[in-house]
1. Under a cut-off of 22 Å between alpha-carbon atoms, report the lysines in cross-link reach of Lys8, not counting same-chain residues fewer than 8 places apart.
2. Let me check something: with ligands and nucleic acids excluded, how do Met23, Met12 order by accessible area (1.4 Å probe), largest to smallest?
3. Run the simple label-point estimate for Glu39 and Asp89 please: 7 Å along Cα→C-beta, distance reported in nm.
4. So what does Glu73 come to for accessible area, using a 1.4 Å probe and Å² rounded to 10?
Amino acid sequence: MVNIFDSKDDEMRKAFAKKVKNMVGVIRQNLQNHGGSIELVGIDANNTVKVRLQCESNDCPEAQQVLKTGVRELLRQRIPEVSEVVTVD
């Protein structure tokens, strides 16, 4: 397999992933206080962040939509390098 990234790119990817993991951890703590959770599923080469959201609300479809919107906005505000946030089941 050929590595298309040089070592500087690799370090930048690692730093980006660390920022995302830390921010997802902060979001998780806040969601757990309200009966929800978030899991980081992955980050692709285009800086798309994939997360899985869980909620314990009776209005889960509405709560899920609010979570999706809030999580997307928060991640993109705090980490401008995030190109997109995708929720997966």
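The values are calculated or read from the model by the stated rules, or taken from the named source; none is laboratory data. Everything numeric here is computed off the predicted structure, so don't read it as measured data. Here the Cβ is made from the backbone with ideal geometry for all residues, glycine too, and neighbour counts use every protein chain on show. The protein model used for the area step is the full one, side chains on, heavy atoms only, and it has no ligands, DNA or RNA in it. Shrake-Rupley method; radii C 1.70, N 1.55, O 1.52, S 1.80 Å.
1. Qualifying lysines at Cα under 22 Å: Lys18, Lys19, Lys21.
2. Ranking Met23, Met12 by accessible area, largest first, yields Met12, Met23.
3. Going by the 7 Å Cα→Cβ label model, 1.5 nm.
4. Answer for Glu73: close to 100 Å² accessible.
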